[in-house]
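The values are calculated or read from the model by the stated rules, or taken from the named source; none is laboratory data. As the structure is a computational prediction, the values presented were derived from the model and not from experiment. Positions of Cβ are generated from backbone atoms using ideal geometry, with glycine treated the same way; all protein chains shown enter the neighbour counts.
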Amino acid sequence: MQPLPVVIVHRDQPERLVDTIEAFRAQDVPVTITVVDNGSAVLPPVEEPDVTVVRTGRNLGFGPAANVGYRRFLADPAAGDWVVLAPHDVLPEPSCLSRMLRVLAEQPRAGLACADVGDGATPVVDPYFGGILVPARVDAGWEPVGHPHGTLMLARRACLAEVGIFDERYFAYCEEADLALRARAAGWESGLVRGAMVKNAHVGSASAAIDYLQLRNTLLLVREHSGRYHAFIRFCVALLQLVTGLVRPARRGPYWNVEGRLRGMLDFLRGRYGPPPAHLFDQR
């Protein structure tokens, strides 16, 4: 069987990266691994015959770093029809990729697909709120979704070749939803494969940069795919949520940060995209 290309985006988590590489090596289908390193201070000696390391030299963001791997995949027709994308801290079960490939073989218009994180939720795209989660509708096999989540996703070569790769304005967060909406407009489908299990036990950073990116990028996503009226309503909701969070701290979300939210809204208005202000990475 032809090895399945895997792209892992890494930054400053060398121990987790080693565990993730080993989890992909333990799959019951053969893989080749490309690690795209986003300017890490320390990177373990992981470059071996089945692992290639590409060093970007700086933090490009998740989407732009993933694009480094996507471009290498698209430039090599012999690499096959599918490419896997994952961050540096995921642990797929040994049968995860084979389950996904079996299901995808019966979905000729599937362009994007993600594994099952076991949360019983389905990613959808709301015209006002962007990517949100709703209760799952199926228990096993293929479930149509509004967009795949980035914990572990597969992309079909033909889909990427037709609609393009990640929009690098997003830097991180919402880029999967944007790609899925572009794919849907071209007639491709996105889905989640129930039962193809993957774990990510290390989510939960409280960096203010996350609040900034999630809000700014949601506003961008809504404007690009639903229009300016929907973006205006979403902006008004963001203002209301900001005031509510100031008055009633119990209503704040897990990443809530005043400066992050204000800067996110202002940068959306003035069209500033790409990386967040550097100092927000250090704020909680």
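Does residue 187 fit the bill of being surrounded by 13 or more Cβ atoms within 10 Å (Cβ to Cβ), in the same structural domain as residue 151 (by TED's automatic domain parsing) and not polar (S, T, N, Q)?
For residue 187, the condition - surrounded by 13 or more Cβ atoms within 10 Å (Cβ to Cβ), in the same structural domain as residue 151 (by TED's automatic domain parsing) and not polar (S, T, N, Q) - is not met.
Quick one: would you say residue 122 is under 21 Å from residue 72 (Cα atoms), hydroxyl-bearing (Ser, Thr, Tyr) and in the same structural domain as residue 75 (by TED's automatic domain parsing)? Give the steps one after another, and end with the answer.
Working: under 21 Å from residue 72 (Cα atoms): no; hydroxyl-bearing (Ser, Thr, Tyr): yes; in the same structural domain as residue 75 (by TED's automatic domain parsing): yes.
Judged against the criteria, residue 122 is not a match.
Give me a count of the residues in the stretch 194-234 that are charged (D, E, K, R) and touching a strand residue (DSSP E or B) at 6+ places or on another chain (Cβ under 7 Å). Full working, then the answer.
If we filter the stretch 194-234 for residues that are charged (D, E, K, R), which is where we start, we get 194, 199, 211, 216, 223-224, 228, 234.
Pick out the ones that are also touching a strand residue (DSSP E or B) at 6+ places or on another chain (Cβ under 7 Å) and you get 194, 199.
Looking only at that region, the number is 2.
How many of the residues making up the stretch 243-268 are in contact (Cβ under 8 Å) with a residue 24 or more places away in the chain, over 14 Å from residue 217 (Cβ atoms) and in a helix (DSSP H, G or I)?
Count: 1.
Conditions (1) within 26 Å of residue 264 (Cβ to Cβ); (2) crowded, with 18+ Cβ neighbours inside 10 Å; (3) in contact with a strand residue (DSSP E or B) (Cβ under 6 Å, 6 or more places away or on another chain), marked per residue:
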position: 133; (1), (2), (3): yes, no, yes
position: 145; (1), (2), (3): yes, yes, yes
position: 149; (1), (2), (3): yes, yes, yes
position: 154; (1), (2), (3): no, yes, yes
position: 163; (1), (2), (3): no, yes, no
position: 166; (1), (2), (3): yes, yes, no
position: 174; (1), (2), (3): yes, yes, no
position: 182; (1), (2), (3): yes, yes, no
position: 192; (1), (2), (3): no, yes, yes
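Does at least one position in the stretch 44-57 carry a residue that is among the hydrophobic types (A, V, I, L, M, F, W, C) and in a loop (DSSP other than H, G, I, E, B)?
So in the stretch 44-57, the residues among the hydrophobic types (A, V, I, L, M, F, W, C) come out as 46, 51, 53-54.
Still in the list and also in a loop (DSSP other than H, G, I, E, B): 46.
Within the stretch 44-57, one or more residues are among the hydrophobic types (A, V, I, L, M, F, W, C) and in a loop (DSSP other than H, G, I, E, B).
Got at least one residue in the stretch 158-174 being at positive phi and among the aromatic types (Phe, Trp, Tyr)?
There is at least one residue in the stretch 158-174 that is at positive phi and among the aromatic types (Phe, Trp, Tyr).
Yes/no matrix, rows are residues, columns are (1) at pLDDT 95 or above; (2) more than 26 Å from residue 11 (Cβ to Cβ); (3) surrounded by fewer than 16 Cβ atoms within 10 Å (Cβ to Cβ); (4) within 17 Å of the chain's Cα centre (by Cα):
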residue: 79; (1), (2), (3), (4): yes, no, no, no
residue: 83; (1), (2), (3), (4): yes, no, no, yes
residue: 91; (1), (2), (3), (4): yes, no, no, yes
residue: 99; (1), (2), (3), (4): yes, yes, no, no
residue: 106; (1), (2), (3), (4): yes, yes, yes, no
residue: 109; (1), (2), (3), (4): yes, yes, yes, no
residue: 117; (1), (2), (3), (4): yes, no, no, yes
residue: 125; (1), (2), (3), (4): yes, yes, no, yes
residue: 130; (1), (2), (3), (4): yes, no, no, yes
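Looking at the stretch 11-31, is at least one residue assigned by TED's automatic domain parsing to the domain that holds residue 95, of a type in the set (Ser, Thr, Tyr) and more than 18 Å from the chain's Cα centre (by Cα)?
No - not one qualifying residue is present in the stretch 11-31.
Checking the condition of a type outside the set (Asp, Glu), touching a helix residue (DSSP H, G or I) at 6+ places or on another chain (Cβ under 9 Å), farther than 18 Å from residue 60 by Cα and not assigned by TED's automatic domain parsing to the domain that holds residue 24, which residue from 219, 213 passes?
219
What number of residues in the stretch 32-55 are of a type in the set (Ser, Thr, Tyr) and over 23 Å from the mean Cα position of the chain (by Cα)?
Of the residues in the stretch 32-55, 0 are of a type in the set (Ser, Thr, Tyr) and over 23 Å from the mean Cα position of the chain (by Cα).
When you check residue 77 against the structure, is it in the same structural domain as residue 170 (by TED's automatic domain parsing), touching a Leu at 6+ places or on another chain (Cβ under 8 Å) and not basic (Lys, Arg), yes or no?
no
What tally of residues in the stretch 51-70 results from selecting those that are of a type in the set (Val, Ile, Thr) and under 13 Å from residue 276 (Cβ atoms)? Let's see the steps before the verdict.
First pass over the stretch 51-70, keeping only residues of a type in the set (Val, Ile, Thr): 51-54, 56, 68.
Those still in the list that are under 13 Å from residue 276 (Cβ atoms) too: none.
The total comes to 0.
Take the residues in the stretch 266-284 that are closer than 13 Å to residue 59 by Cβ and either basic (Lys, Arg) or under 20 Å from the mean Cα position of the chain (by Cα) (or both), then tell me which one is surrounded by the fewest Cβ atoms within 10 Å (Cβ to Cβ).
Going through the qualifying residues, I end up with 274.
Only residues that are in contact with a helix residue (DSSP H, G or I) (Cβ under 7 Å, 6 or more places away or on another chain) and under 16 Å from residue 125 (Cα atoms): list them for the stretch 225-237, please.
225, 230, 231, 234
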